[in-house]
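Working notes, beginning with the structure itself.
Values quoted throughout were computed directly from the atomic coordinates according to the rules given, and no laboratory measurement underlies them. None of these values were measured; they are calculated from a predicted model. Cβ placement follows ideal geometry from the backbone for every residue including glycine, while neighbour counts extend to all protein chains displayed.
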Amino acid sequence: MALFGSILFALVGLYSLMVVIRIIVEMIQSFSKHFDPPRWFMIAAEYIFVATDPAVKALRRLIPPLRLGNGIGIDISVIALFLILALLQFIIHAFLVLPFLR
């Protein structure tokens, strides 16, 4: 069971890393006026966005963007997804990994 928990922990960690990369790419896109990345970057980013889109879109239906006025909104669904994944990793580690290593 520790092996299953460790593999699940690693997969959730990898997905969390993809979410962090998505957050960074979205921040660069939103704050840079002349964002023109190389082709290889856009290909890699496309895979990350495709992998993380289902979870982000589901959370966007539940969590509306924070409106700051003047048409500016902050999408916190990606940050909420990252926090949910961190909590999930903690639970996996506490209940599927640690009890079987003692």
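Springs between Cα atoms under 10 Å define the GNM used for the chain, and in it the highest mean-square fluctuation of Pro38, Pro65, Pro54 occurs at Pro38. Estimated translational diffusion coefficient (Stokes-Einstein, Kirkwood radius over Cα pairs, 10 °C, 1.306 mPa s) of segment 38-96: 117 µm² per second.
With the Cα gyration tensor of segment 1-51 giving a ≥ b ≥ c as the square roots of its eigenvalues, does the rule (a/c under 1.5 for rounded; else a/b larger than b/c for prolate; else oblate) give rounded, prolate or oblate? Prolate, because a/c is 1.5 or more and a/b exceeds b/c. Provide the net charge surrounding Val56, with neighbours chosen by a C-beta distance below 13 Å and charges set as Lys +1, Arg +1, Asp -1, Glu -1. Residues near Val56 contribute +1 overall.
Counting only Cα atoms, the chain measures 54, 34, 18 Å along its principal axes, largest extent leading.
So which residue, out of Phe31, Phe82, Phe49, gets the largest mean-square fluctuation from a GNM of the chain using Cα contacts under 10 Å as springs? Among Phe31, Phe82, Phe49, the largest GNM mean-square fluctuation belongs to Phe31.
When only Cα pairs under 8 Å and 6 or more residues apart are kept, what is the percent relative contact order across segment 5-77? Could the numbers behind the result be given before it?
On the way: 33 pairs, mean separation 16.2, N = 73.
Result for segment 5-77 is 22 percent.
Using Cβ point charges alone (K and R +1, D and E -1), the dipole size of the chain about the Cα centre works out to roughly 160 debye.
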